[in-house]
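*Asks:* One structure coming up, written as structure tokens, with questions to follow.
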Amino acid sequence: MRSLRKRLLLVASLVLAAFLGLGALGLDRAFRESAESALREGLREQVFALLGAADEDAQGRMRLPDNLPNPRFSAPDSGLYAMVVGERGDYRWNSFSMVGRPPLELRRMAPGKHVFERSKQGSEELEVFHFGLSWEGFEGRELEYTIVVAASTAGMMSQVEGFRARLFYWLGGGALLLLVTQVLVLRWGLGPLRRVAEDLRRVESGDIDQIYGHYPEELDGLVRNLNALILSGKAARDRYRNSLGDLAHSLKTPLALLQAAMDSGRERELRTAVADQIPRMDEIIQYQLRRAATSAAGERVAPVSVVGVIIRLRATLDKVYSGKQVGIETDLHENLRFLGDEADLLEILGNLMDNAYKYCGRRVRVRGVAEPSEEGRKRWLALWVEDDGPGIPRDQRAEVVSRGVRVDQHQPGQGIGLSVAREIVNLYGGAMEIGQSALGGASIRFTLPRS
């Protein structure tokens, strides 16, 4: 079942059915027990009524009259019957309602004892109450009697069936009403999800550029991540489009030079142009490919160990600049993690650390801290790459991050390292600043998302 609404409705309906079913079963059982208790209490009261109507004969023995206060005892097959047996079987009395019926089953009881039981006479089910008592005659003898009172359960069962019908009617109606209410509640509760889906369709069709509006707090994270993914995809498309345009524009001049050399017909000039321009063209292509392939911010990737990346870069740069004997210091927590593509972190730190090695005197320092996170906001890590070189003049710091701008023209390079690093940092929503290091040279600080 792929529909979330159908899943919730099915589960809620099953829970509702189970709850109402158990509730109906409990109510039915409670009402039946209550009806049985009322029937038995009525039989007990009839025994006391018989005792109240009893007379004594000349010898002080208990005798019951033919006419009793309760008219049901006087009507044949009325559903209420009574029998008294005593004096060791010498006395037996039956109510007039038992005329034409077999006698009630007798269970002799000791004085003060009683018992209820269920019996069946033909098609009629009876609730029977046996009660034992002792009656003192004029001669002081204790005479034992057993009073048996029985009542048909038909009236009680009719009440129970009527209650069940009403219970089914009300619970069925209540269940139907609750189901309709559940459908409406689910429709209202899942409304924000439908709005998100509709907004995504509008984004796909180009009507809007991202998801707008207010959503419940449970969907805030989803909407933010979707917007980040949408903006990331748009940035990636723009990056590819710009990179292709930059690549075409950058290759115009080398191609024009090669065309001019070929048109001149001088083989030596052509060889020189090819030797000069092919490395330049390869450098342009590699740069544009790196820029176009830079991962978009917001992609869900495994956290990257910052320390591990720095160790790899340090091993490489120590070999490249082995003649300088650079001493590198690191101040990083071993559990510091970057939430993004490892290639992006390598590109950023590779460019910045390469510049630090290139321009330093003897010392390079890399520091990193995890900035305190606030609830509901993105978490960041801050990294510094510092050196003890000549530094970057304050009035040139804004220009040096532009592509192709170099402060020191004596060092080899194309002046694109800081530009590439800044573009990647900006892609992740971070920031990069150039300042003065305590070592005396440049200090470049940048922030990136962390795990």
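The values are calculated or read from the model by the stated rules, or taken from the named source; none is laboratory data. Predicted model, so just to flag it, every value in this text is computed and none were measured. Backbone-built Cβ (ideal geometry, glycine too); neighbour counts: all protein chains shown.
*Asks:* Which one of these is loosely packed, with under 13 Cβ neighbours inside 10 Å, free of Cβ contacts under 8 Å to residues at least 60 places away in the same chain and in a strand (DSSP E or B): R92, R7?
*Replies:* Going through R92, R7 in turn, just one is loosely packed, with under 13 Cβ neighbours inside 10 Å, free of Cβ contacts under 8 Å to residues at least 60 places away in the same chain and in a strand (DSSP E or B): R92.
*Asks:* Do you know which residues across the stretch 151-184 are touching a strand residue (DSSP E or B) at 6+ places or on another chain (Cβ under 6 Å) and not aliphatic (A, V, I, L, M)?
*Replies:* Selection gives S152, T153.
*Asks:* Just checking, which of L22, L51, L39 is modelled with pLDDT of 85 or more, outside any loop (DSSP other than H, G, I, E, B) and under 18 Å from L143 (Cβ atoms)?
*Replies:* L51
*Asks:* For R32, are the conditions met, namely being more than 20 Å from G172 (Cβ to Cβ), assigned to a helix (DSSP H, G or I) and assigned by TED's automatic domain parsing to the domain that holds Y91?
*Replies:* For R32, the condition - more than 20 Å from G172 (Cβ to Cβ), assigned to a helix (DSSP H, G or I) and assigned by TED's automatic domain parsing to the domain that holds Y91 - is not met.
*Asks:* Let me ask another. Six or more apart or on different chains, Cβ under 6 Å: which pairs go from a residue in the stretch 210-223 that's part of a helix (DSSP H, G or I) and hydrophobic (A, V, I, L, M, F, W, C) to one that's at pLDDT below 85 and surrounded by fewer than 14 Cβ atoms within 10 Å (Cβ to Cβ)? Could you list them?
*Replies:* Within 6 Å, no pair qualifies.
*Asks:* Being under 20 Å from R101 (Cα atoms) and either of a type outside the set (S, T, N, Q) or touching a strand residue (DSSP E or B) at 6+ places or on another chain (Cβ under 8 Å) (or both) narrows it down to one of A75, A38, so name that one.
*Replies:* Matching residue, one of A75, A38: A75.
*Asks:* In the stretch 61-86, which residues are part of a loop (DSSP other than H, G, I, E, B) and either surrounded by 15 or more Cβ atoms within 10 Å (Cβ to Cβ) or not assigned by TED's automatic domain parsing to the domain that holds F116 (or both)?
*Replies:* R61, L64, L68, N70, S78, G79
*Asks:* Against the conditions (1) part of a helix (DSSP H, G or I); (2) among the acidic types (D, E); (3) closer than 21 Å to L313 by Cβ; (4) modelled with pLDDT of 85 or more, where does D344 fall short? Just the number, please.
*Replies:* Unmet for D344, out of (1) part of a helix (DSSP H, G or I); (2) among the acidic types (D, E); (3) closer than 21 Å to L313 by Cβ; (4) modelled with pLDDT of 85 or more: (4).
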